[in-house]
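Worksheet for the structure shown next.
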């Protein structure tokens, strides 16, 4: 794990990223109300600078027919709490990029959720083998407060980079800040490099 030697171990032997502390259970944290799920209207879209210039979409049934995988990963909040041992099940993010290739000039992706919430990520963050479009947690479908029917999980980044209630991925040809990034959070958000806040940024994106 990149930068893992900078972390600390708890009494239970759990390795935590720098500046994080262990919490029990799975705290609920999000901005704004829980959206009402309307399955007949729901779809996932890939938009922006796609290689073929088209927008692509999947309804829930179509998404369920895609290959799925399981990833066990911790969840890190930029304010400090870490909860561990989450078993996520869903569609690998890299598979979506293979199904809808981005144009050659794409370097960034905006992950859009309900209410217009957006989180910007580098393309390489989504091609990680552990990045997932999760539909299930610990073997059960996600609950509404935890992002049902779909949430983005990017284990090496802070939680604000993994929107609940995911609705679309927009391919970008230049960097653009998302909701929390516009409000002072780091545009990369690597937990092992402790990239929490925008004042840590350098022009090359390093802390």
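Scanning segment 31-58 for residues that are closer than 17 Å to residue 142 by Cα and within 21 Å of the chain's Cα centre (by Cα) yields 33, 34, 35, 36, 37, 42, 43, 44.
The numbered conditions (1) closer than 18 Å to residue 143 by Cα; (2) out of contact with any helix residue (DSSP H, G or I) (no Cβ under 8 Å at 6 or more places or on another chain); (3) surrounded by 16 or more Cβ atoms within 10 Å (Cβ to Cβ); (4) at pLDDT below 95 are all true for residue 89 except (4). Of all residues in segment 34-52, none satisfies being exposed (fewer than 11 other Cβ atoms within 10 Å of the Cβ), modelled with pLDDT under 90, in contact with a strand residue (DSSP E or B) (Cβ under 9 Å, 6 or more places away or on another chain) and under 20 Å from residue 161 (Cβ atoms). The set of residues in segment 96-121 being over 17 Å from residue 43 (Cα atoms) and surrounded by fewer than 18 Cβ atoms within 10 Å (Cβ to Cβ) consists of 98, 101, 103, 104, 105, 107. If you go through segment 44-57 and keep only what is out of contact with any helix residue (DSSP H, G or I) (no Cβ under 8 Å at 6 or more places or on another chain) and under 24 Å from residue 155 (Cα atoms), you end up with 45, 47.
What do you reckon, is residue 82 more than 23 Å from residue 172 (Cα to Cα), touching a residue at least 12 places away in the same chain (Cβ under 8 Å) and in a strand (DSSP E or B)? It is true that residue 82 is more than 23 Å from residue 172 (Cα to Cα), touching a residue at least 12 places away in the same chain (Cβ under 8 Å) and in a strand (DSSP E or B).
The values are calculated or read from the model by the stated rules, or taken from the named source; none is laboratory data. Since this is a predicted model, take the numbers as computed values, not measurements. Don't worry about glycine lacking a Cβ; one is built from the backbone with ideal geometry, like all the others, and counts go over all protein chains shown.
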